[in-house]
Each structure stands twice: as structure tokens, then as C-alpha cells.
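What follows is a short report on a single structure.
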2 protein chains.
Amino acid sequence: MKIILTAGGTSERIDDVRSITNTSTGRLGHAIGEQFLKACGEELETLYYLHGLRAVPVEGPNVTPVPIEGVRDLEAELKRILTEEKIDAVVHAMAVSDYMVKEVTTLEKIKSGDSSRLEGNKISSSIEDLTIIMQRSPKVISGIKKWSPDTVLVGFKLLSHVPHEELIQVGQALLQKNDCTFVLANDLAEIGGGRHRGYLIHRDGSYDTMETNEEIAEKIVQRVRQEGGKQ
Amino acid sequence: MKIILTAGGTSERIDDVRSITNTSTGRLGHAIGEQFLKACGEELETLYYLHGLRAVPVEGPNVTPVPIEGVRDLEAELKRILTEEKIDAVVHAMAVSDYMVKEVTTLEKIKSGDSSRLEGNKISSSIEDLTIIMQRSPKVISGIKKWSPDTVLVGFKLLSHVPHEELIQVGQALLQKNDCTFVLANDLAEIGGGRHRGYLIHRDGSYDTMETNEEIAEKIVQRVRQEGGKQ
């Protein structure tokens with residue numbers, strides 16, 4: 001079995017020393033990696049571990065770590081691996097930036113229609129009205145089943161303080177839009193203090209409910225292996 | 001001897017899941033921490049290690065780690081320690097955000113003078129022209145000698161691809177403005193591939209030149225101890 005696991009967060013550079021990052025710790029992705037190693041043993045031929053720069057490493061003889069900085073890196077690495085090798089499943093736990101930096105300017109320039117650029121590789125610290133204009137990132141997840149239609153795909157959706165029904169609906173929509181096999185939906189309001197509630201949504205709309213990081217990791221690995229066996 | 005060492009980078013929250021961070025790895029700060037432990041032995045009563053969330057830990061019986069997220073946290077912790085205890089030296093290697101988030105809005109709202117806020121704890125991923133307006137952070141370093149006038153202070157200045165003379169001048173200006181004892185000036189163009197050139201500028205304008213992280217750490221610890229002995 002060959003698996004790609006993505007974990008942690010991407011970061012998008014503003015200049016040589018500043019980035020916009022997702023604050024993901026990568027703990028859930030790490031737990032999933034450890035669980036694959038534990039549950040699959042020698043069945044696991046390769047675990048490609050595509051991880052953000054802050055993520056905790058997963059270590060083992062069959063683990064190939066691939067450090068990822070921005071959304072473009074992630075897209076390139078996923079495409080490369082998925083088009084070169086037969087991958088059984090992609091577990092896409094990484095918090096991918098929805099936005100990339102389009103332009104760094106000032107409020108004054110925007111209001112006066114001045115489109116000249118700020119100069120230098122490191123933005124001066126003396127600007128009173130520094131302003132960062134963002135653009136939407138490519139949706140990397142939407143490429144996965146195009147590059148490799150038979151791969152089991154687990155998508156992730158993290159929301160913040162929404163009603164339960166909305167969380168499940170948004171998870172289902174992500175599943176349908178990207179042809180996921182499962183989507184793990186979770187809410188920041190239900191994470192913390194050793195607890196991490198997660199809902200693993202299936203194609204038929206039903207879902208498993210888990211209460212901790214470890215339970216989520218176990219359930220995902222179990223479902224991925226069952227699904228792999230069906231193919 | 002009691003020392004405060006700051007290392008790594010601060011991050012400023014945009015919303016519940018996104019931050020603007022300094023990309024500092026904290027490697028130099030870490031090397032300085034290790035060198036204090038090695039060179040001072042039992043002379044070192046306490047090393048307060050104020051570190052960004054990505055920084056490598058410094059571990060030892062006399063080390064008190066203090067995790068720091070944003071500029072406001074850093075300011076509060078420095079002020080608390082410096083006003084409660086007699087601290088011999090502050091080595092301020094942390095890359096502190098020059099800017100904090102003032103407002104998250106859209107380009108459309110700015111241009112049309114619409115000052116209404118975006119809603120929600122996590123910004124929607126479907127905005128075409130997301131725009132972040134920044135404001136300058138308080139200069140935390142300027143408080144250090146006010147809170148504790150007799151403490152030896154080592155400031156840091158990292159620039160990117162500037163002429164050598166400019167680097168030294170900017171370092172000297174930082175030293176004078178904040179009443180530093182020394183300033184370590186360095187340039188991203190001279191860092192990488194195992195090399196890290198640094199210039200430790202003294203009050204009289206002269207400077208030591210070092211070629212690696214370890215040399216910089218050794219020189220800073222040596223100069224701080226000499227300076228402490230004079231008092």
C-alpha cells in the first residue's frame with residue numbers, strides 16, 4: 001500500500017522575512033501518520049509525508065518526508081507523485097492557505113489609485129498604512145482525483161464556531177465537489193483540552209463521530225484500509 | 001547571573017486559523033542559549049527563554065521557557081520579568097513583527113469607503129479581493145532599558161541584500177536609539193549553506209565579525225559576560 005499524507009499548514013511569503021501561515025500544529029496529521037505505521041506494518045510500502053514547516057515529523061523506514069512551504073509547492077509535489085506512481089490513498093489533512101499574496105502596498109496608494117510597487121526584498125518597518133492584497137489560491141484538492149481517479153481521497157474541513165448541521169453540510173459539499181471518498185469535518189469550538197471531536201462523513205451522508213485525535217486517526221486508517229480492500 | 005534570551009519569531013493573528021509570522025527559524029537564538037549554558041555553568045542562575053512557537057527549545061535545569069505568540073505577549077512578559085527581578089542581560093534575538101493586523105477587509109470596501117467589518121471568526125475562503133490593513137507594532141526593544149536601566153542589552157538587526165556600510169549604519173542607529181550595549185547586525189544575503197556572517201557592533205562604533213552561528217553565539221556570550229563583570 002502506498003499512501004500520501006499531508007499535514008501541518010502552508011505558508012505564503014509576503015517578503016524575505018514575513019509569511020502568512022495557517023496556524024495548524026499538524027498534530028492530527030501526525031497522529032494519522034503514526035496510526036498508518038502501527039496498523040499497516042509491512043503492508044505499508046511507502047508513506048509520503050507532505051508536511052508544513054512547523055509540523056511534527058513522522059519517522060519510520062517506509063516514510064518519505066516532503067517539506068512543503070506554499071500552495072504552489074504542495075500542488076507540484078502532489079501532481080508529481082500521483083502521476084508517477086499508483087497511490088492507494090491521499091489523506092489530505094494539511095491546512096492549505098485559501099489566499100496567496102497578490103500585492104503589498106499602502107492604503108494611501110490604493111485610495112489614490114497609485115499602482116507603483118513598494119521597493120526592496122524586505123519591506124521597510126516605517127510604513128504607517130502597510131496593506132496586503134490577497135488573491136484566492138488554486139484549490140489543490142480538486143486536482144487529486146483528476147491526476148489519479150482510483151485513489152481513495154480523504155478531505156478535511158475545519159470551521160470555527162458554526163452550528164453542527166452547517167459543519168456537516170459544508171463537509172458534504174466538499175466531498176461532492178472534489179469527489180472525496182470521506183471528509184473529516186471538525187470545528188475549532190470542539191477542539192482543545194485534550195479533546196478533538198471529528199466527524200468522518202461518508203459518500204452516503206452518514207458519518208462516524210470521534211472524540212480525540214487518536215480516535216480520529218484510528219477511524220480514518222480503518223476506513224481507508226476497508227475502502228482500499230474493495231478496489 | 002540572570003539572563004533573558006528571546007528567540008524565534010512572533011506571529012500576529014488574522015483570524016482563528018491564519019497568522020502573519022516572521023519566518024525566523026530561531027536557530028541563532030538557540031545557539032546563543034546553548035552557549036550560555038556551556039560557558040556559564042553554575043554561574044547561570046536563570047535563563048529566561050522567551051521563544052516563538054516555531055523555535056527550537058533550549059533545555060537545562062536553569063532554563064525557564066516562556067512561549068510567546070504576538071508582540072503584545074512579548075512586551076508583557078519582558079516588562080513583568082524586568083520589573084520583578086534584577087536581570088543582568090537581555091539578548092533580544094527574536095524577530096519581532098514590525099506590523100500587527102489592524103483590519104481585515106476587501107479592496108472593494110476600501111475603494112468605496114465602506115467601513116463595515118467582515119463577519120465571523122474564520123474568514124470565508126470565497127472572497128475575491130481579501131485585503132489586510134496593517135499598523136505598526138510598538139517597538140518593544142525601546143522599553144527594555146526603561147524598565148531596567150542597568151541591564152546589558154544586545155539588540156539584533158536583520159536586513160536583506162543591502163550594502164555593508166548601510167547594514168552597519170542601521171545597526172548603529174538601532175544601538176543608539178534603544179540604548180543597547182551591543183547590536184548584532186546581519187544580512188540575509190550572507191546567511192545560508194552553513195554560513196552566517198554577523199557583525200557585533202559596540203558602543204564606540206567598532207565591531208567584531210563572525211562567520212557562523214556558533215561563532216556569533218560565542219562572541220555574544222563572551223561580550224555579555226565581560227560587560228557584566230564591569231558593572
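The values are calculated or read from the model by the stated rules, or taken from the named source; none is laboratory data. In this text, all values refer to a predicted model and were calculated from it rather than measured experimentally. Cβ placement follows ideal geometry from the backbone for every residue including glycine, while neighbour counts extend to all protein chains displayed.
Numerical summary
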| quantity | calculated |
| --- | --- |
| Subset of region A:26-53 [hydroxyl-bearing (Ser, Thr, Tyr) and either surrounded by 17 or more Cβ atoms within 10 Å (Cβ to Cβ) or at positive phi (or both)] | A:Tyr48, A:Tyr49 |
| Every residue from region A:7-27 that is touching a Phe, Trp or Tyr at 6+ places or on another chain (Cβ under 8 Å) and either more than 14 Å from chain B (Cβ to nearest Cβ) or without any contact (Cβ under 8 Å) to a residue 40 or more places away in the chain (or both) | A:Ala7 |
| Subset of region A:78-136 that is of a type in the set (Asp, Glu) and crowded, with 18+ Cβ neighbours inside 10 Å - its residue that is nearest to the other protein chains (Cβ to nearest Cβ) | A:Asp98 |
| Test: residue in region B:142-158 that is within 17 Å of B:Ala7 (Cβ to Cβ) and not hydrophobic (A, V, I, L, M, F, W, C) | yes |
| All positions within region B:3-20 that are in a strand (DSSP E or B), under 12 Å from the mean Cα position of the chain (by Cα) and more than 22 Å from B:Ala39 (Cβ to Cβ) | B:Gly9, B:Ser11 |
| Single residue of B:His30, B:His51 found to be more than 18 Å from B:Gln135 (Cβ to Cβ), within 14 Å of another protein chain (Cβ to nearest Cβ) and without any contact (Cβ under 8 Å) to a residue 60 or more places away in the chain | B:His51 |
| Segments classed as helices (runs of 4 or more DSSP H), wholly inside region B:117-231, with at least 3 members that are within 23 Å of B:Leu50 (Cα to Cα), in contact with a Leu (Cβ under 8 Å, 6 or more places away or on another chain) and in the same structural domain as B:Asp16 (by TED's automatic domain parsing) | B:141-147, B:213-230 |
| Residues within region B:199-231 that are more than 17 Å from B:Ile144 (Cβ to Cβ), touching a residue at least 60 places away in the same chain (Cβ under 8 Å) and not charged (D, E, K, R), tallied | 5 |
| Residue match in region B:54-76 (condition: over 30 Å from B:Gly198 (Cα atoms) and touching a strand residue (DSSP E or B) at 6+ places or on another chain (Cβ under 8 Å)) | no |
| Number of the condition not met by A:Ile110 [criteria: (1) assigned to a helix (DSSP H, G or I); (2) in contact (Cβ under 8 Å) with a residue 60 or more places away in the chain; (3) aliphatic (A, V, I, L, M); (4) not assigned by TED's automatic domain parsing to the domain that holds A:Ser19] | (2) |
| Yes/no for B:Leu184 being crowded, with 16+ Cβ neighbours inside 10 Å and either closer than 30 Å to A:Leu188 by Cα or touching a Phe, Trp or Tyr at 6+ places or on another chain (Cβ under 7 Å) (or both) | yes |
| Selected residue (only one of A:His92, A:His30 is outside the structural domain of A:Ser125 (by TED's automatic domain parsing) and touching a Pro at 6+ places or on another chain (Cβ under 9 Å)) | A:His30 |
| Single condition B:Pro138 does not satisfy, out of (1) farther than 24 Å from A:Lys122 by Cβ; (2) modelled with pLDDT of 90 or more | (1) |
| Test for B:Lys145: is it over 18 Å from B:Glu75 (Cα atoms), more than 7 Å from chain A (Cβ to nearest Cβ) and either buried (at least 18 other Cβ atoms within 10 Å of the Cβ) or of a type in the set (Lys, Arg) (or both) | no |
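Yes or no, residue by residue, for (1) more than 15 Å from the chain's Cα centre (by Cα); (2) surrounded by fewer than 18 Cβ atoms within 10 Å (Cβ to Cβ); (3) under 23 Å from A:Ser124 (Cβ atoms):
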| residue | (1), (2), (3) |
| --- | --- |
| B:His164 | yes, yes, yes |
| B:Leu175 | no, no, yes |
| B:Ala189 | yes, yes, yes |
| B:Arg195 | yes, yes, no |
